[in-house]
Each structure stands twice: as structure tokens, then as C-alpha cells.
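Below is one structure; the comments refer to it alone.
The values are calculated or read from the model by the stated rules, or taken from the named source; none is laboratory data. The structure presented is a predicted model; accordingly, all values stated were derived computationally and were not measured. Please note: Cβ atoms are built from the backbone with ideal geometry, for glycine as well, and neighbour counts cover all protein chains shown. Surface areas here come from the heavy atoms of the whole protein model, side chains and all, with no ligands, DNA or RNA. Shrake-Rupley method; radii C 1.70, N 1.55, O 1.52, S 1.80 Å.
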Amino acid sequence: MQTTDKTVITYQSLNYFEEKLSIDRFIRVHRSFIIALRHITSYTSNEIKINAQTIPIGVTFTKKVIQRLEQWG
């Protein structure tokens with residue numbers, strides 16, 4: 001898990017975090033990524049940018065993610 005100031009190693013699954021995190025503030029965009037909406041700097045139909053970091057949007061998540069991003073901002 002990566003925060004704004006550190007990296008934390010955990011054995012919890014992303015499904016665990018997806019259930020615990022606020023759906024108003026976080027979104028699952030890929031089988032390997034859950035991101036905070038407020039940190040998104042730009043997006044396309046297949047990737048999200050958080051500052052200089054590019055995060056892929058998984059094929060199975062694309063429709064849900066794009067709908068959510070269009071509603072959010």
C-alpha cells in the first residue's frame with residue numbers, strides 16, 4: 001500500500017481494503033489498484049494519472065470507473 005508519504009507492506013487483500021474504504025473517496029480501477037479520487041490529476045479511457053504516476057484501468061473495471069469519474073468531476 002502506498003500513501004502520500006510512505007509505503008506499507010501488508011498481507012491483506014485488495015478486496016479487504018475495498019470493503020473497508022469509503023466508496024465516496026476511493027475506487028478500484030484494476031485488480032492491483034485502489035486509488036483515492038482526490039489525487040487524480042487526469043484520466044483517459046485506459047489509464048489514470050496521479051501526478052507523474054500512470055495507473056492502468058483494468059478492462060473489467062473500465063465502464064464502472066469512467067462512469068464514476070464522469071459523475072465525480
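Report, in deg cm²/dmol and to the nearest 500, the calculated mean residue ellipticity at 222 nm for the chain, where each DSSP H run with n ≥ 4 adds -39500 (n - 2.57) and the sum is divided by the residue count. For the chain, the value works out to -7000 deg cm²/dmol. Note on I55 and L14: the model spin-label points, each 7 Å out from Cα along the C-beta direction, lie 0.9 nm apart.
The accessible surface of the chain, taken with every protein chain in place and a 1.4 Å probe, is 50 percent carbon and sulfur. What the chain shows is 78 Å² of accessible area per residue, with the surface traced by a 1.4 Å probe over protein heavy atoms.
Using the Karplus relation 6.51 cos²θ - 1.76 cosθ + 1.60 with θ = phi - 60°, the per-residue 3J(HN,Hα) values for the stretch 6-19 come to 7, 10, 10, 8, 9, 9, 6, 7, 5, 4, 4, 5, 4, 6 Hz, with x marking Gly and Pro.
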